[in-house]
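Encoded as structure tokens, the structure appears first; notes follow it.
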Amino acid sequence: MYGLILPGDLGPYGRWMKAIIAGALLLWAVGTLFMATVPLSGDEVIYAQVARSFADSLLGRQSLSNLAVEVVGFGWFLPGISIVLTPVYLLDSTPDLAFVRLYASVIIFLLWVWTLREVDRQAGRPFAVALLVFPSLDVTWHMFAGSVWGDLPSGLVQAIIFARLLRMTRTLWTGGGIAFADWIYLEFLLVLAFYLRGNLILVAFAVHVFLVCLLVLTLRRETLLRQLVYAVIGAFCFVLAMLPWSVTASRVLGGTVISTSTPVLAFALTFGNAADACLGPCPRKEGSNNIWVSAAKFSRAYGAAHGISELEVQRMMARRALRDLTVSRFLQRVKVNAIRYFSDPADFLQKRFLPSSKLGLSEATVAWLAAAGGLLTGLLYWPFLALLTVANFWIVRSRFEDQIASLAIKLLSICVAIQPFFHTSHPRYWVGLAGIMAIGAAFLYVRTRSSMVPAGQGSAFLTYVQVAYAVALAIVVCVLILA
């Protein structure tokens, strides 16, 4: 069993490693059993509805035109999670909650094992061990493992992307190229991440730019041309894989949609004047406080009444809501978003999962479990977040491969953590960053143990890039603190 999760010799600390793996599996079982009592909520409901629509279409109960409308909805959610859930709804259009949760947990477990094995093979044992400790021993993370949100699986895929980047760039310093198969594998991972979480198109773009820059920096002309052709083919494959969603969403919503339709509306609702969000106050139904749904429905109804697309209406709404936005107010909102993103890692466990469980827990029991869960999550979350922060400021001057690892950690961190600048943040979003937090911690562990760092030459240019990044990040952090 241990060899399935982490192959090879577990080393001198094998007993501890087995205990960690056993602890992770125990938490997985407990989390799955508990989540089987927690009804679907929020985004999960949308994913389940779309999965049911996929199943109905495959079984001939729904036309393809209706399917397109159901899948796209408001254009907020890509269908990756729903596609994964579709087999459940092929078996039963109204499946039992426990079966949905168990199915989701099994899928995440398989992805977790894939992540551990890939990271262990490409990045090294310390990185896999770090992933075993965090997030694999975190109680809140295990609750998400039994859910059908896209944050957790997309975070695991990003850890695999990191490992593959190390594999692909390992030979560049000596003038070797990247195998075409490795390019295609990477594109598959980027497409998978994109369909799980549409905002990870930023990761795909950044990774392509990162690799092309490395090719230009390290390769001779005769090798460079072939590698650039591979890069272009890979990027073309990614775009080709995006097209089914992008074309369908654009056709349904009446405007250009690349990943999701949310950027304009999200920016307006996050940073604009709520009183002007719907060309005035948004209409609310009694008992509903979801301004997102209200604003989206308003844009659709207004567009239909005036013969324009809902996306054009949302641009009008954004201009109205943002007309009085100042730099100071923007920075203050970003600061609030960042605090909401990072400061309460057990929020969903404490305020959603525990209170909504059908176990019939008393208020006192819920309060006690919430406090215990918050403490246990914090014991792991805060040290690993601190280590990732240090890794983002860490400058590596020697050994090209370690410089690449340093830059890849920074790249993936900023692509995920930049969300507070554009979108309302939620305390669940850290789950998508958890894998990179573990990788950052392992990276620092390896770099601070001289016996684990082989001698090797580094690139002065990559050193300057790291310094520039650290300085820019420090400036941004200071500005937000003072805002």
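The values are calculated or read from the model by the stated rules, or taken from the named source; none is laboratory data. Everything numeric here is computed off the predicted structure, so don't read it as measured data. Neighbour counts run over all protein chains shown; Cβ positions are idealised from the backbone, glycine included.
Here are some notes:
- Residue match in segment 363-381 (condition: touching a Lys or Arg at 6+ places or on another chain (Cβ under 9 Å) and either crowded, with 20+ Cβ neighbours inside 10 Å or not small (Gly, Ala, Ser) (or both)): no
- Test: residue in segment 164-175 that is in contact with a Lys or Arg (Cβ under 7 Å, 6 or more places away or on another chain) and within 30 Å of PHE384 (Cβ to Cβ): no
- Some residue of segment 51-68 being on the phi > 0 side of the Ramachandran plot and loosely packed, with under 14 Cβ neighbours inside 10 Å: yes
- Only residues that are among the β-branched types (Val, Ile, Thr), under 18 Å from VAL467 (Cα atoms) and either surrounded by 22 or more Cβ atoms within 10 Å (Cβ to Cβ) or outside the structural domain of ARG164 (by TED's automatic domain parsing) (or both) were counted in segment 397-443, giving 2.
- For segment 160-173, the criterion of being modelled with pLDDT of 95 or more, crowded, with 24+ Cβ neighbours inside 10 Å, more than 13 Å from ILE436 (Cα to Cα) and among the hydrophobic types (A, V, I, L, M, F, W, C) is met by at least one residue.
- Residue in segment 259-268 that is in contact with a helix residue (DSSP H, G or I) (Cβ under 8 Å, 6 or more places away or on another chain), over 29 Å from THR140 (Cβ atoms) and surrounded by fewer than 17 Cβ atoms within 10 Å (Cβ to Cβ) present: no
- Qualifying residue in segment 122-141 (condition: free of Cβ contacts under 8 Å to residues at least 60 places away in the same chain and surrounded by fewer than 18 Cβ atoms within 10 Å (Cβ to Cβ)): no
- Considering segment 94-106, and only residues there that are assigned to a helix (DSSP H, G or I) and either touching a Pro at 6+ places or on another chain (Cβ under 8 Å) or among the hydroxyl-bearing types (Ser, Thr, Tyr) (or both), the residue that is surrounded by the most Cβ atoms within 10 Å (Cβ to Cβ) turns out to be SER105.
- Hey, SER154 in contact (Cβ under 8 Å) with a residue 60 or more places away in the chain, small (Gly, Ala, Ser) and not in a helix (DSSP H, G or I) or not: no
- Taking the criterion of being in a loop (DSSP other than H, G, I, E, B) and either without any contact (Cβ under 8 Å) to a residue 24 or more places away in the chain or in the same structural domain as ALA301 (by TED's automatic domain parsing) (or both), the only residue of segment 64-93 that qualifies is ASP92.
- Only listed residue being in a helix (DSSP H, G or I), more than 30 Å from MET437 (Cβ to Cβ) and assigned by TED's automatic domain parsing to the domain that holds LEU33, chosen from ALA364, ALA304: ALA364
- Counting residues in segment 290-305 that are crowded, with 16+ Cβ neighbours inside 10 Å and closer than 30 Å to THR174 by Cβ gives zero.
- Candidate set: segment 188-228, residues that are closer than 24 Å to PHE400 by Cβ and among the charged types (D, E, K, R); chosen: the one surrounded by the most Cβ atoms within 10 Å (Cβ to Cβ): ARG226
- The test for being closer than 23 Å to TYR429 by Cβ, in contact with a helix residue (DSSP H, G or I) (Cβ under 9 Å, 6 or more places away or on another chain) and charged (D, E, K, R) does not hold for ARG61.
- Qualifying positions in segment 11-44 - at pLDDT below 95 and either under 16 Å from LEU97 (Cα atoms) or loosely packed, with under 14 Cβ neighbours inside 10 Å (or both): GLY11, PRO12, TYR13, GLY14, ARG15, TRP16, ALA19, ALA22, SER41, GLY42, ASP43
- Scanning segment 384-413 for residues that are closer than 23 Å to THR140 by Cα and in contact (Cβ under 8 Å) with a residue 60 or more places away in the chain, we see that the one that is nearest to the chain's Cα centre (by Cα) is LEU412.
- So ASP324, is it among the charged types (D, E, K, R) and closer than 30 Å to ALA367 by Cβ: no
- When restricted to residues that are farther than 21 Å from LEU40 by Cβ, in a helix (DSSP H, G or I) and not charged (D, E, K, R), segment 321-361 contains 13.
- The set of residues in segment 433-456 being at pLDDT below 95 and either among the small types (Gly, Ala, Ser) or within 20 Å of the chain's Cα centre (by Cα) (or both) consists of SER450, SER451, ALA455, GLY456.
Here is a yes/no grid of residues against (1) touching a Ser or Thr at 6+ places or on another chain (Cβ under 8 Å); (2) modelled with pLDDT of 95 or more; (3) within 30 Å of THR262 (Cα to Cα):
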residue: VAL191; (1), (2), (3): no, yes, yes
residue: LEU196; (1), (2), (3): yes, yes, yes
residue: ASN199; (1), (2), (3): yes, no, yes
residue: LEU211; (1), (2), (3): yes, yes, yes
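- Note on segment 461-483: among residues that are small (Gly, Ala, Ser) and assigned to a helix (DSSP H, G or I), the one that is surrounded by the most Cβ atoms within 10 Å (Cβ to Cβ) is ALA470.
- In the condition set (1) in a helix (DSSP H, G or I); (2) touching a residue at least 60 places away in the same chain (Cβ under 8 Å); (3) under 24 Å from the mean Cα position of the chain (by Cα); (4) more than 30 Å from LEU380 (Cβ to Cβ), LEU265 is compliant with all but (2).
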